[in-house]
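*Asks:* First the structure, then my questions, so here it is.
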Amino acid sequence: MGAVGQQVKDEFAAAFDDVFAAGVTEGAEHPFPAAIQVCWAGTEWVVDNAEAAGADPDLIAVGSDSAGGNLAAALTLMAREAGGPRLAGQLLVYPNTDQIDATAPDESMVTRDDPYLFNRHSVAWYRSHYLPDPDDADNPTASPLQAQESGRAAPGAGHHRRM
C-alpha cells in the first residue's frame, strides 16, 4: 500500500471503528475481471464475518485511491445490483472510473502532463494490461461511470484537489 493508500486507510479508520484492508491482484498478471472478483469476495467475507470480528455489518464501507478507487466504485454498483450487501459508504480518491477510449486525450492529461511517469501514454499502457479486450471498457465494473442509473449506490465522499 502506497502513501496515498495509507492515507485513505487512516481516513477510513478515523471515520469508522474497524478497517479491513485487502490486497488485490496485479492487472498485468490477472487482467479484468480478476481484481473486482477478488474485491467482491473480500467484501462478502467482511460483511459475513463482521460480527465475529467485533464490527457492525451495517457500517461496512469501501474505498481506495486510483485503480483501487475504480474497484471501490464498482463494488458499490455490484452491491446495488445484487441487492446487497448494503454498504454504508465509499471513499474514492482520484478514482479511475472510465476506461473507455484510453487513447483520447483527457484535458487534464494534456494540460497537466507528467513527461516522466503518469501521462496519457502510461495510462494507455496500464489500461491495455488491465483490459486486454478493449470491449471490456464498456462493462460498468471496469468503467463505473458507464453504469445505467437504477437506484442509489452507497453514499460517497471524495478528495478533490486543484492542481
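*Asks:* In whole Hz and in residue order, list the ³J(HN,Hα) couplings for region 137-144 that follow from phi through the Karplus curve 6.51 cos²θ - 1.76 cosθ + 1.60, θ = phi - 60°; x for Gly and Pro.
*Replies:* Residue by residue, region 137-144 yields 4, 6, 6, x, 7, 9, 10, x Hz.
*Asks:* Separate question: Test of understanding: ordering Ser128, Ser64 by Cβ neighbours within 10 Å, fewest first, what list do you get?
*Replies:* Final ranking by Cβ density, sparse to dense: Ser128, Ser64.
*Asks:* Going by amide H atoms built from the backbone, whose H comes under 5 Å of the H on Val62, apart from near neighbours?
*Replies:* Gly89, Gln90, Leu91
*Asks:* Sort 90-96, 112-118 by packing, meaning the average of other beta carbons within 10 Å per residue, with the highest value first.
*Replies:* 90-96, 112-118
The numbers here are math on the coordinates, done by the rules we state, and not lab data. Only a predicted model underlies this, so the values are computations on that prediction, with no experimental measurement involved. With ideal geometry, Cβ positions are generated from the backbone for all residues, glycine too; neighbour counts draw on all protein chains shown.
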